[in-house]
Amino acid sequence: MALNYIWIAFFLIAFVVALIRLIFFGDTEIFMHLVSGMFDSSKASVMDIALPLAGNMALWLGIMNIGEKAGAINFLSRIVGPFFNRLFPEVPKNHPATGQVLMSFSANLLGLDNAATPLGLKAIDSLQDLNKDKDTASNAQIMYLVLLTSGLQLLPVSIIAQRSILHAKDPTDIFIPCIIATFVAAVSGMLFVALKQKINLFDRVIIGWIGGIACFIVLLVWFFTNYLTKEQIGLVSKVASNLMLFLIPVIFISGALYKKVNVFEAFIDGAKRGFETSVKIIPYLVAMLVGIAVFRACGALGYMNDGLRWLITQTGLDTRFVDAMPVAYMKPLSGSGSKAMMINVMTTYGPDSFSGRLGSVFNGSADTTFYIVALYFGSVGIKKSRYAIPAGLFADLAGIIAAIFVSYLFFG
């Protein structure tokens, strides 16, 4: 129901704002922009997202099927089983979904965009097999989606690369703030869902895993900042992400070869499901991206920012962060939209300005909640998302607040 009302709101708000701009400000082209946005986004959702995704889906679902035949997924399930059994109590012990969820999280942590979505769709499909009410999101699916929308990422490669393209003096200076902000978002989202599902987060296994992840992040940050130059940080990020991206299929294929699996047939069997899934999600992509397009084209985001700037001015607080807020507004709606906003902020104010850096941290502190919910739930036919969107937006808000505070701390 949440998606239903949000989608309706996109169109109604866009219509009202456009009508006001036409009547009171004489903007005779506003409705042309809205219509163009509708057609352009509907075309892009198929040509730029669904069709390229079909290839990635076929590739990675084929590789995942090889991994399943080789026993790699079950192996991962046994390793993280104690932690996942507490965080996802509805998932049976050693179920393949545990390993697939872990693979999906790993791809996101390393910033492997091409692999993350196909692996994530495979994971949500496995969780759907355990879902008794097929059109309603299960507790496990909500926990998974909320953790996914927090955007937890150790290597913000694409953001660093974009800053380098725009000639930032130190493209990697947002590395630590991004890690801190996205970790805050992930923990906040997990707390929200755990309270709703009455999961005991004080369990020693959960505390041990979360504490271990936190220590790993702290050690990673400490090592990067004390033993690597700024140029080396960017190089390590780029090499590590691509190395892992290629290492996964190599490990799976080697394991399948050892177990005497017909690797090629296993790949083909898995890849066949990729195209089917890509076709299934097209209506959901078109619906969400068209709604976002008209909301953005009407100028509502700009008016929101003007209102926030006025409010902050009245309080006497520093308003520099407001210049980067369009990135934060757009991030829960659209990944490409938030990236465009980030580039616009860096181009307008400079990549080394406070706003330019904060915009980069915003882009790395969370993920596209509405897009992910529509895409992932749509792929398995879930119509009732329950509290997945409020929980995801809560995680986004926590990440945004953390990004602002940590950016003032690091960049002043």
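None of the figures in this text is laboratory data; all of them are computed from the coordinates on show. Treat the numbers as computed from the prediction; the structure is a model and nothing was measured. Glycine gets a Cβ as well: all are built from the backbone with ideal geometry, and neighbour counts include every protein chain shown.
Some notes on this structure:
- Residue of Val250, Val46, Val263 that the Gaussian network model of the chain assigns the largest fluctuation, springs spanning Cα pairs under 10 Å: Val250
- Nearest 10 degrees, 0 to 90: helix 72-87 Cα axis against the chain principal axis: 60 degrees
- The stretch between Phe264 and Thr225, if pulled fully straight at 0.36 nm per residue, gains 9.7 nm over its current Cα-Cα span.
- Proxy reagent accessibility, fewest Cβ within 10 Å first, across Phe192, Phe84: Phe192, Phe84
- The protection proxy used here, the mean number of other Cβ atoms lying within 10 Å of each residue, ranks peptides 322-330, 145-153, 162-170, 18-26 as follows, highest first: 145-153, 322-330, 162-170, 18-26.
- Label-point gap, in nm, between Thr28 and Thr313 - each point 7 angstrom along Cα→Cβ: 3.2 nm
- Counting only residues at least eight positions apart within a chain, or on another chain, the aspartates and glutamates with an alpha carbon under 16 Å from that of Lys196 are Glu90.
- Diffusion coefficient of the stretch 1-115 by Stokes-Einstein, Kirkwood radius over Cα pairs, 4 °C, 1.567 mPa s: 71 µm²/s.
- About its Cα centre, the chain has a charge dipole of approximately 820 debye under the convention of +1 per Lys or Arg Cβ and -1 per Asp or Glu Cβ, with nothing else charged.
- Ranked list, fewest to most other Cβ atoms within 10 Å of each Cβ, for Asp396, Asp48: Asp48, Asp396
- Helix 335-349 axis, angle to the chain major axis (alpha carbon atoms, nearest 10°): 50 degrees
- For the stretch 244-392, lysine pairs with C-alpha atoms less than 19 angstrom apart, excluding pairs fewer than eight positions apart on the same chain, total 4.
- Averaged over residues, the count of other Cβ atoms within 10 Å places the peptides 305-316, 288-299 in the sequence 288-299, 305-316, highest first.
- Note on Tyr371, Tyr144, Tyr349: ascending count of other Cβ atoms within 10 Å places them as Tyr349, Tyr371, Tyr144, the fewest first.
- Table column - 3J(HN,Hα) (Hz), the stretch 350-361, Karplus curve with 6.51, -1.76, 1.60, x for Gly and Pro: x, x, 9, 6, 4, 5, x, 5, 4, x, 5, 5
- ³J(HN,Hα), Karplus 6.51/-1.76/1.60, whole Hz, each residue of the stretch 309-315, x for Gly, Pro: 4, 4, 5, 5, 4, 5, 7
- Report note on the peptides 214-222, 181-189: ranked by the mean count of other C-beta atoms within 10 Å, highest first, their order is 181-189, 214-222.
- Taking 0.36 nm per residue of separation and subtracting the Cα-Cα distance, full extension of the segment from Phe202 to Ile13 would add 63.7 nm.
- Dipole-positive endmost among Asn344, Thr98, Ala271 within the chain (Cβ charges, Cα centre): Thr98
- Rounded to 10°, Cα long-axis angle of helix 388-411 versus longest principal axis of the chain: 70 degrees
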